[in-house]
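Peer 1: If you scroll down you'll find the structure; I have some questions about it.
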Amino acid sequence: MVKSKKISHEKISGKDYRNLIINAAYELEKNKSEINDLNVFPVPDGDTGSNLSLTVANAAKELLNEENQGIDEAAEKTARAMLRGARGNSGVIISLLFRGIAKGLKNTIECDGVTWAKALLKGVEDAYSAVEKPAEGTILTVAKKCAQAAKTAAEECNSFEYVLDATIKAAEKALQETTRENPVLEKAGVVDAGGMGLLVVMKSMHQTLNGGKLHLEGEASNATKPHTGADFSSYDTENITFAYCTEFIVKKKQENEDTSGFKVYLNTMGDSLVMVDDGEIIKVHIHTNEPYEVLGQALKYGEYETVKVENMRTQHTDKIGMQVAQQKKSEVKPYGFVAVASGEGLTQLFIELGADYVVSGGQTMNPSCEEIEYAVNQINADTVFVLPNNKNIIMACEQVALLSQKNIVVIPTKTVPQGISAMLGFDESTGPNENEEAMNEMAQGVSTFQVTYAARNSSLDGLDIKEGEYLALEENQLLESGYDIFNIVDTIGEKIKQQEKNTVSIYYGTDVSEYDAQRVLEELARILKGSDVEINLYNGGQPIYYFIISLE
Amino acid sequence: MENYVIATCSTADISLNHMLRIGVEYVKFSYFLNDVEYKDDLGQTMSHESFYQKLSQGCDSKTTQPNMESYKEFLYQFLNEGRDVILLNLSSGISGAQASAKIAEKELKSEFPERKIYIVDSLGASSGMGLLVDKMAELRKEGMGIDDLYAWTEKNKLRVQHWFFSTDLTFYVKGGRVSRVAGWFGTILKICPLLTVDKKGKLVPKEKIRGKSSVIRRIVDKMEENAINGLGYNGKCFISHSDCYEDAQEVKRLVEERFPFLDGRVLINNIGTTIGSHTGPGTVALFFFGKERVE
């Protein structure tokens with residue numbers, strides 16, 4: 001813990017900016033539950049407070065090591081780190097805001113009130129233009145009103161602190177107004193969570209300027225440690241010699257082909273080797289730093305049945321479980337696919353459908369831009385299609401598409417079934433544009449019902465929801481709630497009847513036994529008796545959602 | 001009635017009775033089932049049921065097209081009687097039979113310079129060939145001569161629309177008739193690929209549909225999109241299937257429900273042993289006259 005020096009309030013330096021961001025990350029972490037609680041939708045999801053905290057923490061971490069720099073450089077670093085670390089839609093928006101600020105601070109060593117106001121305006125402009133359909137009553141509106149207030153204040157007095165004070169006042173007012181601007185918030189009688197996060201950031205800036213403690217090192221890293229994130233920059237600090245736990249099964253081209261040479265080779269590639277060759281198939285488990293080399297060699301003996309690669313350095317965070325399917329890095333292929341999904345069953349399904357990488361993530365655990373980009377970069381393809389499969393992950397994927405040198409096409413799938421259908425729309429023989437269109441069309445053609453639990457009490461869309469009840473969603477909109485799962489299933493069944501579609505797929509989650517899943521299937525079959533519908537059950541293994549039900 | 005011969009292959013997948021009734025001859029393909037050779041004689045030697053049963057049990061079936069000699073022998077019998085022949089042959093897009101037949105034609109022409117021999121590459125298969133040859137027989141009955149019939153067939157063969165789906169593509173891949181494409185073989189997800197035959201007479205995967213009921217509806221949608229006059233289609237419609245009569249029945253039911261002006265009932269045929277060796281069980285194919293295939 002280091003006590004900050006007196007900060008000039010007229011202008012701020014690069015060091016000041018660094019301190020402001022570090023403290024902002026700390027404050028966000030401290031206040032994240034409060035921000036999370038503003039989430040009006042009762043569905044458990046990637047909470048705004050956590051997402052904002054993780055996004056800003058990425059910048060704080062980046063700035064820790066360097067004190068003396070111009071404000072332009074500090075802002076540039078902040079923006080870059082936030083863009084990479086952005087999680088969830090609110091994380092993406094705040095990172096865009098800071099990217100605009102960095103642009104506004106270009107070639108500035110110290111920032112006065114006028115410059116800050118200009119930078120804020122640039123930030124808001126950037127964020128607005130990046131969001132396809134900017135909604136009012138959100139973090140964007142709060143930021144916009146702040147920037148307008150900053151402009152007026154800067155004209156009165158060219159002092160950073162004076163301008164900051166004015167923006168805080170404006171933010172407080174703007175935040176209160178979000179309730180009335182956004183009908184969903186109005187019903188629930190709360191303010192916008194993202195806007196609240198922004199206010200926390202600005203208030204912490206003010207505090208820091210006025211001699212607030214600087215929360216460095218221990219505290220900061222404690223506070224900002226992503227509880228779910230994979231930290232790709234920390235590899236070399238850990239004591240694992242071989243990072244990738246690599247498992248695969250190869251169906252041999254020629255039965256009884258001698259594979260002892262392969263075993264000798266594998267022994268040179270890592271440790272913890274287990275290899276079984278039963279004549280028809282070879283099963284391998286190995287810890288290695290070069291999974292691609294190993295997988296490439298394995299192909300000489302036949303085709304993969306399954307492949308699984310896990311980074312053991314990040315396994316303890318229980319986060320990143322990227323899976324590779326039939327990956328040969330040296331070959332450039334026309335198309336590659338990254339899908340976001342959680343649960344072993346769903347991951348396997350996407351791999352079977354041709355996904356090269358499945359980024360672990362979904363509801364309540366939105367992967368960062370960095371994780372998505374990492375996955376994209378592992379694929380050597382001319383065009384990479386990215387399937388977010390969750391509405392709160394779409395923006396992060398789009399962000400990756402903007403930042404990356406690669407040709408990335410985001411198919412904005414909002415649910416897992418939309419992602420599966422999008423994969424079915426792919427046709428190798430047509431071009432990227434046709435495929436984008438076909439995949440989007442297929443994604444739109446599927447209906448999704450999801451059953452989860454209420455994470456909080458809520459009164460929404462005419463439903464009085466109690467924490468812990470089952471919740472049914474249709475296309476992410478509330479459909480029904482209650483304590484009896486069969487009533488919920490019946491409601492979904494009635495909805496299915498109304499549509500002229502014939503294939504129902506039930507993906508049951510990790511918290512549901514096969515027996516219970518079977519009973520749900522039978523109940524649905526009972527409701528749908530007489531309609532020409534085929535129902536199939538799959539073990540999706542996903543968290544949070546007991547059932548994801550698709551209709552196509 | 002005109003005295004010339006209309007002939008096709010055993011791969012036309014219409015029944016023996018049907019062929020006899022319309023007066024069409026056929027050349028036999030053959031297949032090796034666990035290394036025993038059989039002639040594809042439209043289910044006479046081996047019934048379709050037992051054939052598919054054997055495939056399901058894991059028997060391996062390899063097909064052979066008639067070689068040049070077989071075509072020569074087959075055509076010779078008619079030419080020798082002084083009759084002209086028009087032969088509707090299996091698509092060059094999936095078989096080399098056309099090349100053999102063309103060589104046979106060349107040699108026979110020097111032997112029978114006064115006879116007419118027309119070999120038509122149907123660019124089609126299964127009951128798609130059957131539908132076309134059925135129409136050809138009808139035109140002959142109406143008095144069309146062989147030259148005109150040849151011209152008509154060449155002009156109209158690409159109007160025979162082929163649409164089919166399978167619940168299991170294992171056999172297609174094994175036979176090399178479709179290339180393995182990422183995402184096509186979602187066995188877990190019960191994906192039923194919907195395929196067509198293109199203007200080169202090759203099989204082309206078109207869509208991946210989940211679930212049998214959905215693909216059954218989709219294939220009938222394809223008929224609506226592609227048939228002459230759409231729902232007002234008033235020609236004949238044939239279905240062929242490999243050991244999945246109920247699915248074929250369901251397609252028939254939907255077609256008859258949606259196309260009130262059909263010429264007669266929808267005819268359900270078996271996919272014979274030659275085509276069936278490549279499709280395996282679980283394929284339903286739908287054929288009708290429609291838009292000319294341009295892709």
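The values are calculated or read from the model by the stated rules, or taken from the named source; none is laboratory data. It should be emphasised that the depicted structure is a prediction, and the values quoted were computed from it without experimental measurement. Every residue, glycine as well, gets a Cβ built from its backbone with ideal geometry; the counts of neighbours run over all protein chains shown.
Peer 1: Go through (1) of a type in the set (A, V, I, L, M, F, W, C); (2) free of Cβ contacts under 8 Å to residues at least 40 places away in the same chain; (3) farther than 28 Å from residue A:384 by Cα one by one and return the number of the condition residue B:194 breaks.
Peer 2: All conditions pass for residue B:194, except number (3).
Peer 1: Another question about this same structure. Test residue A:340 against the stated conditions and say whether it is without any contact (Cβ under 8 Å) to a residue 40 or more places away in the chain, away from chain B (no Cβ under 14 Å), buried (at least 24 other Cβ atoms within 10 Å of the Cβ) and not hydroxyl-bearing (Ser, Thr, Tyr).
Peer 2: No: the conditions fail for residue A:340.
Peer 1: What residue, of A:51, A:89, A:68, A:39, is outside any helix (DSSP H, G or I), touching a helix residue (DSSP H, G or I) at 6+ places or on another chain (Cβ under 8 Å), among the polar types (S, T, N, Q) and closer than 20 Å to residue A:365 by Cβ?
Peer 2: None of the others qualify; the one that does is A:39.
Peer 1: I'd like to check something: does the stretch A:299-322 contain any residue that is at pLDDT below 80, in contact with a helix residue (DSSP H, G or I) (Cβ under 7 Å, 6 or more places away or on another chain) and among the hydrophobic types (A, V, I, L, M, F, W, C)?
Peer 2: Yes, the stretch A:299-322 contains at least one residue that is at pLDDT below 80, in contact with a helix residue (DSSP H, G or I) (Cβ under 7 Å, 6 or more places away or on another chain) and among the hydrophobic types (A, V, I, L, M, F, W, C).
Peer 1: Here is a further query. Looking at the stretch A:360-388, which of its residues are closer than 21 Å to residue A:290 by Cβ and either within 14 Å of chain B (Cβ to nearest Cβ) or β-branched (Val, Ile, Thr) (or both)?
Peer 2: A:376, A:379, A:381
Peer 1: In addition: So which pairs qualify, if the first residue must be in the stretch B:38-49 and touching a residue at least 12 places away in the same chain (Cβ under 8 Å) and hydrophobic (A, V, I, L, M, F, W, C), the second must be surrounded by 12 or more Cβ atoms within 10 Å (Cβ to Cβ) and in a loop (DSSP other than H, G, I, E, B), the Cβ gap must be under 8 Å, and the two must be at least 6 apart or on different chains?
Peer 2: Final answer for the pair search is B:42/B:15; B:42/B:272.
Peer 1: Can you tell me which of (1) buried (at least 18 other Cβ atoms within 10 Å of the Cβ); (2) in a helix (DSSP H, G or I) is the one residue A:128 doesn't meet?
Peer 2: (1)
Peer 1: So is residue A:479 within 30 Å of residue A:190 (Cβ to Cβ) and either touching a Lys or Arg at 6+ places or on another chain (Cβ under 6 Å) or not hydroxyl-bearing (Ser, Thr, Tyr) (or both) or not?
Peer 2: Against the criterion (within 30 Å of residue A:190 (Cβ to Cβ) and either touching a Lys or Arg at 6+ places or on another chain (Cβ under 6 Å) or not hydroxyl-bearing (Ser, Thr, Tyr) (or both)), residue A:479 qualifies.
Peer 1: Being surrounded by fewer than 23 Cβ atoms within 10 Å (Cβ to Cβ), more than 8 Å from chain A (Cβ to nearest Cβ) and at pLDDT 70 or above: is that true of residue B:169 here?
Peer 2: So residue B:169 does not fit the description; no.
Peer 1: A follow-up question, please. So residue A:421 passes all but one of these: (1) surrounded by fewer than 23 Cβ atoms within 10 Å (Cβ to Cβ); (2) within 14 Å of another protein chain (Cβ to nearest Cβ); (3) in a helix (DSSP H, G or I). Which condition number does it fail?
Peer 2: Of (1) surrounded by fewer than 23 Cβ atoms within 10 Å (Cβ to Cβ); (2) within 14 Å of another protein chain (Cβ to nearest Cβ); (3) in a helix (DSSP H, G or I), only one is false for residue A:421: (1).
Peer 1: I would also like to ask the following. Restricting to the stretch B:253-295, name every residue that is part of a helix (DSSP H, G or I), free of Cβ contacts under 8 Å to residues at least 40 places away in the same chain and crowded, with 21+ Cβ neighbours inside 10 Å.
Peer 2: B:255, the sole residue that qualifies.
Peer 1: A follow-up question, please. Counting only residues that are under 22 Å from residue A:524 (Cβ atoms) and within 14 Å of chain B (Cβ to nearest Cβ), how many does the stretch A:438-464 have?
Peer 2: Of the residues in the stretch A:438-464, 4 are under 22 Å from residue A:524 (Cβ atoms) and within 14 Å of chain B (Cβ to nearest Cβ).
Peer 1: Still on this structure, I have one more. Could you tell me whether residue A:435 is touching a residue at least 24 places away in the same chain (Cβ under 8 Å), more than 14 Å from chain B (Cβ to nearest Cβ) and within 19 Å of residue A:355 (Cβ to Cβ)?
Peer 2: Against the criterion (touching a residue at least 24 places away in the same chain (Cβ under 8 Å), more than 14 Å from chain B (Cβ to nearest Cβ) and within 19 Å of residue A:355 (Cβ to Cβ)), residue A:435 does not qualify.
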